[in-house]
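Notes follow the structure.
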Amino acid sequence: MDVKKVDHVGIAVKSIEKALPFYTDILQLKLLGIEEVESEKVKVAFLKAGETKIELLEPTSPDSAIAKFIEKRGEGIHHVALGVDHIQERINELKEKGIRMIQDAPKRGAGGALVAFMHPKSTGGVLYELCEKTDAEVQQ
C-alpha cells in the first residue's frame, strides 16, 4: 500500500472551545477551520502542524463514536490518518491481506475527503484512517 504521508492525528476532546487555546496560543499552531460532520455527530477543528495536521474531534451527541470513546478512554489520541490515493483500491488490498475494515467503501469525512477506517483489532490496537483528498483539499 502506498502511503503518501501521515495526513493528520485525530484527538478526541470534550470541548474544542476549551482545547483550542492550548494548540493556538501555547503551541502556536494555525487554526485552519472548524466544521461539523453531521453524519458522524462530531465537530472538528483542523490545525496545521508542519506537513501534517491535528484534528480535534468534539462529540455533538452522546451517542456518537467520539462521545463513547471519551466516556471509555477519556480525552486523547483517537486515530492516525494516512493520506492515500485510490482509496477503494487500498481498501481492497487491505482486505485481501486480512485487515478488517470498519467501512468496505469510503465515505465523505471532514473537508470533503474520502475516508475509511481499519478496525483496531486488525492493527495492533491503533485506529487508522485512510484519507484521500482532492488537489484543492491537499492545499489546505
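The values are calculated or read from the model by the stated rules, or taken from the named source; none is laboratory data. These numbers come from a predicted model, not from an experiment. A quick note on method: Cβ atoms are made from the backbone with ideal geometry, for glycine too, and the neighbour counts reach across all protein chains shown.
Conditions tested, residue by residue: (1) hydrophobic (A, V, I, L, M, F, W, C); (2) in contact with a Lys or Arg (Cβ under 9 Å, 6 or more places away or on another chain); (3) without any contact (Cβ under 8 Å) to a residue 40 or more places away in the chain.
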position: ASP2; (1), (2), (3): no, yes, no
position: LYS5; (1), (2), (3): no, no, no
position: LYS14; (1), (2), (3): no, no, no
position: LEU20; (1), (2), (3): yes, no, yes
position: GLU35; (1), (2), (3): no, yes, no
position: GLU38; (1), (2), (3): no, no, yes
position: VAL44; (1), (2), (3): yes, no, no
From the list VAL115, VAL44, VAL126, exactly one residue is under 16 Å from the mean Cα position of the chain (by Cα), exposed (fewer than 13 other Cβ atoms within 10 Å of the Cβ) and either aliphatic (A, V, I, L, M) or not in a strand (DSSP E or B) (or both). Which is it?
VAL126
Looking at the range 7-26, is at least one residue part of a loop (DSSP other than H, G, I, E, B) and closer than 15 Å to CYS131 by Cα?
no
Within the range 113-125, is even one residue of a type outside the set (Val, Ile, Thr) and touching a Cys at 6+ places or on another chain (Cβ under 7 Å)?
yes
Just give me the residues in the range 74-91 being under 17 Å from PRO120 (Cα atoms) and either free of Cβ contacts under 8 Å to residues at least 40 places away in the same chain or not in a helix (DSSP H, G or I) (or both), in sequence order.
GLY76, ILE77, HIS78, HIS79, VAL80, ALA81, LEU82, ILE91
For the structure I just gave you, tell me whether GLY74 is surrounded by fewer than 18 Cβ atoms within 10 Å (Cβ to Cβ), modelled with pLDDT of 95 or more and on the phi > 0 side of the Ramachandran plot.
yes
Output the residue which, of all residues in the range 27-41 that are part of a strand (DSSP E or B) and under 14 Å from the mean Cα position of the chain (by Cα), is surrounded by the most Cβ atoms within 10 Å (Cβ to Cβ).
VAL37
